[in-house]
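Below is one structure; the comments refer to it alone.
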Amino acid sequence: MGHALRRAASQRIGGFDPLAVGWTHAYWAEGPEFVALGLSDGGAVATWPDEIGTDDLTQSTAGLRPTYRTAGTINSVPAVRGDGTQYYRDVAFASAMAQPHSTVVITRLTSVAGTWATIIDGTSNARAWLAVRVSGTLNWNLFAGVGVAQAGTPAANTGYMLRAFFSGSSSLLDVNGTNVVPTGTAVGTQNRGGISLFNSSVQLGQPAVVAGDIAFVGVFNGDVTGDPKWAQFKTWVTSHYGITVA
């Protein structure tokens, strides 16, 4: 079955289809294209399909492939797990998105190490990232070319819905629906030209240092809160993943 047909067959889980939001790219461990891979619990994920476009996440090195997990995850819901050495890096989007753009992540961290540790990164020439450690300091961080916004400390073994909105000095980061980046913080104006998970695409030579689960990643051209399905998406996150979202 091709991309378009599998997307058309997208299931409603918990009464809502999260792919109904107008994502430009979406990676979901319960999406129809992911399910079509036929993976069992603990299986290595060589390719994480883009449920919307054709920019699939890949890892060509067998030993560096994250694994598919169906238990011991966020609310025991399927997710992709990195063990601190496994990652996807430098998936270049066919068409880079200029700011404003949003990235939404459903994640649970188990450990973070190293000097630089990103959950979401981009390609080296058009990037916007969401990190959990910068220069050795454990904080939520946004970066899009200028400066870094530090706000709050991620807790281990806790499920989060993160919404990073990149829009120059109006950028913000929601953690479970609450903005933790001071209003007016400038994080730069770089595009989202691609995506990497569990590791930095630019700090080459750094090991993958983020261990934990990622269940869903959505990339949106613009402010995702303006999408008519956004309120339903937040309600679904609470019911499906057990994450209370303001």
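The values are calculated or read from the model by the stated rules, or taken from the named source; none is laboratory data. On a predicted model such as this, the values are computed, not experimentally measured, just so you know. Glycine gets a Cβ as well: all are built from the backbone with ideal geometry, and neighbour counts include every protein chain shown.
Could you list, ordered by first residue, the pairs with Cβ atoms under 6 Å in which the first is in the range 22-40 and modelled with pLDDT of 95 or more and the second is small (Gly, Ala, Ser), at least 6 apart or interchain?
Filtered contacts from the range 22-40: 23/218; 25/53; 26/218; 29/79; 29/215; 32/9; 32/10.
Here are some residues: 93, 16. Which one is surrounded by fewer than 18 Cβ atoms within 10 Å (Cβ to Cβ), touching a residue at least 40 places away in the same chain (Cβ under 8 Å) and not acidic (Asp, Glu)?
16
Out of (1) exposed (fewer than 14 other Cβ atoms within 10 Å of the Cβ); (2) without any contact (Cβ under 8 Å) to a residue 40 or more places away in the chain; (3) closer than 17 Å to residue 84 by Cα; (4) among the hydrophobic types (A, V, I, L, M, F, W, C), what's the single condition that is false for residue 231?
Condition not satisfied by residue 231: (3).
Let's see how each residue does on (1) buried (at least 23 other Cβ atoms within 10 Å of the Cβ); (2) in contact with a Leu (Cβ under 9 Å, 6 or more places away or on another chain); (3) among the hydroxyl-bearing types (Ser, Thr, Tyr):
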residue	(1), (2), (3)
79	yes, no, no
83	no, no, no
86	yes, yes, no
89	no, yes, no
122	yes, no, no
127	yes, no, no
144	yes, no, no
147	no, no, no
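Does residue 223 qualify as being under 21 Å from residue 29 (Cα atoms), among the acidic types (Asp, Glu) and in contact (Cβ under 8 Å) with a residue 12 or more places away in the chain?
Spelling it out, it is not the case that residue 223 is under 21 Å from residue 29 (Cα atoms), among the acidic types (Asp, Glu) and in contact (Cβ under 8 Å) with a residue 12 or more places away in the chain.
Just one of 105, 112 is crowded, with 16+ Cβ neighbours inside 10 Å, aliphatic (A, V, I, L, M), in contact with a strand residue (DSSP E or B) (Cβ under 7 Å, 6 or more places away or on another chain) and at pLDDT 95 or above; which is it?
Within the list 105, 112, the selection yields 105.
Suppose we filter the range 29-60 for residues that are of a type outside the set (Ser, Thr, Tyr) and more than 15 Å from residue 82 (Cα to Cα); how many remain?
The number of residues fulfilling the criteria is 17.
If I filter the range 67-89 for residues that are under 15 Å from the mean Cα position of the chain (by Cα) and of a type in the set (Phe, Trp, Tyr), do I get at least one hit?
Yes; the residues of the range 67-89 include at least one that is under 15 Å from the mean Cα position of the chain (by Cα) and of a type in the set (Phe, Trp, Tyr).
If we keep just the residues of the range 11-20 that are more than 15 Å from the chain's Cα centre (by Cα) and modelled with pLDDT of 95 or more, which is nearest to residue 81 (Cα to Cα)?
So the residue we want is 17.
Kindly indicate which of 24, 118 is buried (at least 17 other Cβ atoms within 10 Å of the Cβ) and closer than 24 Å to residue 209 by Cβ.
118
I need a count of the residues in the range 13-49 that are of a type outside the set (A, V, I, L, M), under 24 Å from residue 223 (Cβ atoms) and in contact with a Gly (Cβ under 9 Å, 6 or more places away or on another chain).
Summing the residues that are of a type outside the set (A, V, I, L, M), under 24 Å from residue 223 (Cβ atoms) and in contact with a Gly (Cβ under 9 Å, 6 or more places away or on another chain) in the range 13-49 gives 7.
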